[in-house]
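Novice: Structure below; questions to follow.
Derivation of every value follows stated rules applied to the coordinates shown; laboratory data play no part. Since the model is a prediction, treat every value here as computed from it, not as a measurement. Note that we place each Cβ from the backbone using ideal geometry, even for glycine, and neighbour counts take in every protein chain shown.
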Amino acid sequence: MGMSPFTHHCTACERVQLIFPTQLAGVAETDQGVVLAFTCWCGAAQTYPLQPADRRTDDVAAA
Ligand SMILES: [Zn+2]
């Protein structure tokens, strides 16, 4: 599936970086909801929210 690069404000280097799909490490579930995990150009581990935590995910959670 195709995914376009997106911009992300890195919390480590404090810069807005263009993140490419090839940088993505995977998807993680956190207290903030579902996030994309990736490594910034500066080497810092970052996350990008995919899905708000307050959204109902009963169907997914039951799987
Ligand atoms: Zn960075």
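Novice: Mind listing the phi-derived Karplus ³J(HN,Hα) values for region 36-50, rounded to whole Hz, using 6.51, -1.76 and 1.60 with θ = phi - 60°, and x for any glycine or proline?
Specialist: Once rounded to whole Hz, the list reads 8, 9, 7, 10, 5, 4, 7, x, 7, 6, 10, 10, 9, x, 9.
Novice: Give the share of C-alpha pairs in each 5 angstrom bin for region 6-51, from 0 to the last occupied bin, in whole percents, shortest bins first.
Specialist: P(r) over region 6-51, rounded to whole percents: 5, 25, 34, 24, 12, 0.
Novice: What length, rounded to one decimal in nm, is gained on full extension from Met3 through to Leu24, with 0.36 nm per residue of separation minus their alpha-carbon distance?
Specialist: Separation in residues times 0.36 nm, less the Cα-Cα distance, equals 6.5 nm.
Novice: In whole Hz, what ³J(HN,Hα) sequence does region 10-25 give by Karplus (6.51, -1.76, 1.60; θ = phi - 60°), x for Gly and Pro?
Specialist: So the Karplus estimates, Gly and Pro as x, are 6, 7, 8, 9, 6, 10, 7, 10, 8, 9, 9, x, 5, 7, 5, 8 Hz.
Novice: For a quick protection proxy, order the peptides 10-19, 35-44 by their average other-Cβ count within 10 Å, most packed first. Each step should come with its number before you reach the end.
Specialist: Values: 10-19: 12.9, 35-44: 15.1.
By packing density, highest mean first, the sequence is 35-44, 10-19.
Novice: Next question. Using 0.36 nm times the number of residues separating Leu50 and Cys13, minus their current alpha carbon distance, what extension gain do you get?
Specialist: 11.2 nm
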